[in-house]
Amino acid sequence: MAITANLVVMFRLADTGKADLNQGPVKLATLAVDGKPMNPEEGLAYYQKEIAKHPNRADLRVGYGNLLLFWKKGKEAKAEFEKAVALDPLAVEALYSLAKMEIESGRFKEGYALYQRCLKSFDEGHFYRMSDEKREEFHEHLEVNLWELKKKLGLRPSPTQDLSGMAQEPIIRKDKVGRNDPCPCGSGKKYKRC
């Protein structure tokens, strides 16, 4: 009861500008929407307003779909991603999100086809929310997901099948990993302990 009372007081003080909600033990979720920090509710209102003004912008549809996923509104998010792909067939992030949703729903073949479409359009595709630095990592992630799904479906590459999306060369490390650096495998452990 005391925690609830403290929260109510904190929110009232924050509304008047006399308190910062992120200074207490409870942290509210904030996100960046088009470079502006805001809470998820403000983000929904922002996207709804912007989409009403610019209904044919695929980037707004992708951002709104991502925010709807945050709110666990999968059906609405899927509709936004589908609209983004209808507006821009090379919207890689929308294709990827649709693939993940299909796989989570147990529709593996549909997800596999969407993953393939992502890889085929990767180089000339459009990225609305992903930075350039993250794209190479995303590409590798996409290849791994496609390979795992291919195994799950029992598919084998045929000699005529295009394998250009699959990594054929060994990955060469450019930077030397120090003993106390985080392991590059992503486990979160130090390199010397992994």
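Structure data summary
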quantity: Exclusive hit being outside any loop (DSSP other than H, G, I, E, B), out of contact with any Cys (no Cβ under 6 Å at 6 or more places or on another chain), open to solvent by 70 Å² or more (accessible area, probe 1.4 Å) and at pLDDT below 90, set LYS100, LYS134, LYS109; calculated: LYS134
quantity: Enumeration of residues in the stretch 56-88 that are open to solvent by 60 Å² or more (accessible area, probe 1.4 Å) and over 18 Å from GLU104 (Cβ atoms); calculated: ASN56, ARG57, LYS83, ALA86, LEU87
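The values are calculated or read from the model by the stated rules, or taken from the named source; none is laboratory data. This is a predicted model, so every value here is computed, not measured. As a convention, Cβ positions derive from the backbone with ideal geometry for all residues, glycine included, and neighbour counts pool all protein chains shown. Ligands, DNA and RNA are stripped out before the accessible areas are found, and what is left, the full protein with its side chains, is counted by its heavy atoms. Shrake-Rupley method; radii C 1.70, N 1.55, O 1.52, S 1.80 Å.
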